[in-house]
Structures are given as C-alpha cells and as structure tokens.
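To keep things clear, I will list the structure first and then write my remarks on it.
Just so it is clear, none of the values below were taken in a lab; they were calculated from the coordinates. None of these values were measured; they are calculated from a predicted model. Glycine also receives a Cβ, built like all others from the backbone with ideal geometry; neighbour counts cover every protein chain displayed.
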Amino acid sequence: MDLSIIVPLYNEEDSVIPLYEALVHTLNPLNLNYEILFIDDGSRDKTYSLAKDLAKKDRRLRVIKFRRNYGQTPAMVAGIEHAKGTILITMDGDLQNDPEDIPKFIEKIREGYDIVVGWRYKRQDKLLTRKIPSKIANWLIGKITGVPIKDNGCSLKAYRENIIKKIPLYSEMHRFIPAMTSLAGTNIAEIKVNHYARQYGISKYGLSRIYKVLIDLITIKTIISFFPRPLVPFALIAAVAALVSFFSFISGIFYILQSGQESIVFWGLTILYGSLAIVLLFWGVLAELVYRTGNLKIENFASLKIDNEISRNNEVEKR
C-alpha cells in the first residue's frame, strides 16, 4: 500500500459523503495504491452509517468505530495502527482541510522529509476563540520544545509509516508529534495549505482545551529534556528536599543552643524532607532501571533514525 488517508470523524454526517468524494477525486489521478480510513469517534448521528454504506461500495475505504467519544488523538492512533500505507496522511473530517493539498505532501515526503506539517496561513476560524489562542500556543510550543512549527494544531500532516508507528500518542499529543520525533533527528517540512470555513455542524474544540495542551506541553518538555537521563529530574528535586532537611537540622541545633529546648517543628521538617529526598532518589533509580532494561530505550529511537536513513537511500536508488 502506497498511501493511507486517516480521517477522524465525530458527528459529521453532513460532511462524510462530500469529503469521500473530494478525496477520491484527488487520489484517483495519482495512480497510487491507496486506502482511506474513516474513524468514527463515537458519533451520535448518522456519521457511521453513512461511512459504512460508502465502504460497502468502495473496498479502498475502511471504517473503524469507537463505542464512545474518546477524542481526536485516540482516533488518529486507531487509524495509524490499522493503516497499511508507507505514507500516512491525517486530516480533519469537517471539510476545512483541502484534499487537493495531498499531492504536495506526498511530493515533500518523496523529497526525503520524514514529517510534513500543514500551515493554515489563511485560517478561516474565529479570531478570539481559535486564532489568537492558537498563535500563542504555537509560539509557546516552539520556545519550550525547540521545534518551531507555525501551526501545530493543523491536522493535515504526512508521515513516513516507519516513523509515526513508533511514536506513543495519548491525550492531545497529536499536536506534539514533530517535537516527539525530534528525539530521533527527523527531517520536518512545513507547507502552506488551504483552509475553509466550517460548512456543517459546530466545532468540537474551544478554549476548554487550553489546560490540556499546557499539561501535555509540560509532559513533552520533560520527555525531551530527560528521556535519556530519567534519574536526573528526580535527583534534582531530591537535592532540594535534602537541602531543606539539612537547613532544618542546623536550625534545630541553633535553637537548642540558644533556648536550651528542642523544637518539634525543626526536627519534623528534617525528618519529613530527608525522607522525601530518599524516596525521590529511589524513584529516580527505579526510572533509570526501567529505562535501561524496559521498552523505553533510546536505542529504539536510534534504530528509528537508522531505518529512516535506509528508507531514504532505497528511495534514491529507485529514482
């Protein structure tokens, strides 16, 4: 399979058929062996039944149904896991992304890039609730992760299959895929894409997702900074706790010398923070053991980079 198009859907009954027709219209002239995956994320309308009827007529379309609504990232993960293509392209199912942009993504991947990210440079969304928070979030993500992407929230992205299938995704992590893959030294390109105003239904996202993005951003920063050294963050926090314990102990000694009485406050702080330092240090050792002996070895990302180089060399030889 050359190409897999992955589209999460949630209450998009009016968009399913026009989207399918637009995809087929774009993909057929490319002369590629392709598939389309619609992932119904627990829709409560006719989205699934309409998609299923389309799949009965076209074997290139496969439909995955969730029992309830889990969110965009789990839907994308399901599509990625079931995809058979060597190039995977994700996009929204609300007709705001343009299928006509797909050939540009394929061309960039063939140039040797591992990930191609869409940039909605003329975004057709509300200014206060979508555009401004998005600009702030993209700036913040770029500064914290060191991977400057103009539009992390754009779902229209293309990936090499051997890259994206090795990246763990959960919560709202689909926005941070470029940052996550930076651990493997991937080549990332960003291209301008069309963006249209929503024609049917209502947006599933708003300001309520900001706190989720911030929490995930902290997680991503921690992973990127300490992935090869899990003991370090625990040791740093343990050192702070140990210092508090030490100064409490010294203060307790001075208090005895000055007043001739013992202070339960100073001794309590000494024991409390001293115990915390020991526990944190052991947690760090445990994290280091898991990293060294478990499935989170950096070698997985190193081999990912090697596999990527091999696939590029093979592509050059074919040309």
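A few points about this structure:
- The set of residues from the range 48-68 being touching a helix residue (DSSP H, G or I) at 6+ places or on another chain (Cβ under 6 Å) and part of a helix (DSSP H, G or I) comprises Leu50, Ala51, Leu54.
- Scanning the range 87-106 for residues that are acidic (Asp, Glu) and either touching a strand residue (DSSP E or B) at 6+ places or on another chain (Cβ under 8 Å) or buried (at least 19 other Cβ atoms within 10 Å of the Cβ) (or both) yields Asp92, Asp94, Asp98, Asp101.
- Within the range 164-179, considering residues that are free of Cβ contacts under 8 Å to residues at least 60 places away in the same chain and not in a helix (DSSP H, G or I), the one surrounded by the fewest Cβ atoms within 10 Å (Cβ to Cβ): Pro168
- Tally of residues being more than 30 Å from Asp45 (Cα to Cα) and out of contact with any strand residue (DSSP E or B) (no Cβ under 6 Å at 6 or more places or on another chain) across the range 187-200: 2
- Residues of the range 69-97 classified as over 16 Å from Phe176 (Cβ atoms), among the β-branched types (Val, Ile, Thr) and in a helix (DSSP H, G or I), total: 0
- Restricting the range 260-282 to residues that are crowded, with 18+ Cβ neighbours inside 10 Å and more than 14 Å from Ile237 (Cβ to Cβ), the residue that is farthest from the chain's Cα centre (by Cα): Phe266
- Residue list for the range 105-124, filter: basic (Lys, Arg) and out of contact with any Gly (no Cβ under 9 Å at 6 or more places or on another chain): Lys108, Arg110, Lys122, Arg123
- Hits in the range 27-61 (condition: touching a Pro at 6+ places or on another chain (Cβ under 6 Å) and either of a type in the set (A, V, I, L, M) or touching a residue at least 40 places away in the same chain (Cβ under 8 Å) (or both)): Ile39
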